[in-house]
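This report concerns only the one structure given below.
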Amino acid sequence: SIPAFMGEVDVLKAIQLLPGVQSAGEGNAGFYVRGGGPDQNLVQLDEATVYNASHLFGFFSVFNSDAIKNVTLIKGGMPANYGNRLASVVDITMKDGNMKEFHGEGGLGFIASRFTVEGPIKKDTCSFIVSARRTFIDLFLREPFVSKSSSAYGNTYYFYDLNAKINYRFSDKDRLFLSGYFGRDRFKFKSASSGFSADIPWGNATATLRWNHVFNNKIFSNTSIIYTDYDFSFGAGQDDFVFKLFSGVKDWNGKIDFNYYPTVAHNVKFGMNYIHHTFTPSTASASQGDTEFDLGKPYKMYSHDLAFYALDEWSATDKLTINGGLRL
């Protein structure tokens, strides 16, 4: 309900208005929490890490508000079930889909248009939600809006997001969730007079498969397999000379989390997770005509990330909660 930049409702812009959080710049989706840098914030969508949470060079976030169910911001000392960041955690959960009836909503904005549909695949058992968003700036840089003789013809920029989720209830004690996100930015520039052109695509892809099992009224577990992929590339050329630059990070994450309620006042959480990282630092290639320049083979780095944790969230009084834990 707050004023939105160019009509686009944005979760990260709302977060920037909270105490202890400062914008990375006017209109920018990046944010600083209590002095920490934007890269020190852990941003998750259905447990999957989102490495670049912005569109349009930082002016919009990648999160389509129509697909979001809940947003949790943790500033300062974060619970032991989170790790690998210093400043904050932004934990975003997608909607599960309506199990009773079909719903659809959409909107036309100055920057982007969006559409969402959700409903039951099998009533009270399985549901789905699909939400899509896309800009249409590039449509106005084509004929009939721009003639082929214009210097602006052939230049384009657009971004899009696609969120999807399936929620299946096997029984009162078992539920399966499969969710995914795919988003992309694409910027192209072309100068007919100089022969120079540039192409800059980047984007995120995530997928989460989660099994929720209830053992009894005191303990339940979540077992997840998570995939994250972020890549950025830059390509430029003039006449017959072409230069390309690529970088990215890809994660496979397996985790199991338990929630145990020994009493009403205590919520004990414990679990483990393992992440296999594949980093591709800046890799370059170049050619001129039929000649390929040898700039070395693409170099990849690998990392294994294993963590164990346990914590107790104790509601000491109605006005005091104490959270203590350990993470290794």
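Quick note: the coordinates plus some simple rules give every number you see, no bench work behind them. Quick caveat, the model's predicted, so the values are computed rather than measured. Positions of Cβ are backbone-derived with ideal geometry, glycine not excepted, and every protein chain shown enters the neighbour counts.
So the values come out like this:
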read-out	value
Compactness of the chain, expressed as Rg and Dmax over alpha-carbon positions, Å	22.7, 74
18 Å Cα-Cα reach of residue 244 towards aspartates and glutamates, excluding residues that sit fewer than 8 places from it in its own chain	185, 199, 231, 290, 292, 294
Among 46-54, 163-171, the order from most to least packed when residues are scored by Cβ within 10 Å on average	46-54, 163-171
Unit charges on C-beta of K, R, D, E only; dipole of region 174-300, Debye	720 debye
In range of the label at residue 182: residues from region 240-254 whose backbone nitrogen is under 18 Å from the point 7 Å along Cα→Cβ	249-251
Sum of -39500 (n - 2.57) over DSSP H runs of 4+, divided by residues of the chain (222 nm, nearest 500)	-500 deg cm²/dmol
Cα→Cβ-extended label distance, 7 Å offset, between residue 125 and residue 213, nm	2.2 nm
Those lysines that a straight Cα-Cα span of less than 17 Å connects to residue 148, excepting residues fewer than 8 apart in one chain	188, 190
Extension gain (nm, one decimal) between residue 326 and residue 264, 0.36 nm per residue minus Cα-Cα	20.1 nm
Rough spin-label spacing in nm, given labels placed 7 Å along Cα→Cβ, for residue 102 and residue 51	3.9 nm
Rounded to whole Å, sorted largest first: equivalent-ellipsoid semi-axes of region 173-285, Cα gyration tensor	47, 13, 10
Under-5 Å amide H pairs with residue 31, H placed in peptide plane, nonlocal only	24
Distance in nm between pseudo-label sites at residue 192 and residue 148 (7 Å out along the Cβ direction from Cα)	0.9 nm
Phi-based couplings in Hz for region 84-101 (Karplus 6.51, -1.76, 1.60; Gly and Pro marked x)	6, 9, 9, 9, 7, 10, 10, 9, 10, 10, 7, 5, 8, x, 7, 8, 9, 8
Normalised contact order of the chain, rounded percent, pairs of Cα under 8 Å and 6 or more residues apart	11 percent
Residue 274/residue 244 FRET efficiency (R0 25 Å; Cβ-Cβ; nearest 0.05)	0.15
Cβ crowding within 10 Å averaged over residues, with 83-91, 278-286 ranked highest first	83-91, 278-286
Dipole in debye (nearest 20) - region 36-102, about Cα centre, beta carbon charges: Lys, Arg +1; Asp, Glu -1	160 debye
Exceeding the 22 Å Cα-Cα cut-off - candidates 122/173; 173/218; 218/269; 95/250; 95/122; 122/165	95/250
Rounded to the nearest 20 debye, dipole of region 83-175 from Cβ charges on Lys, Arg, Asp, Glu	100 debye
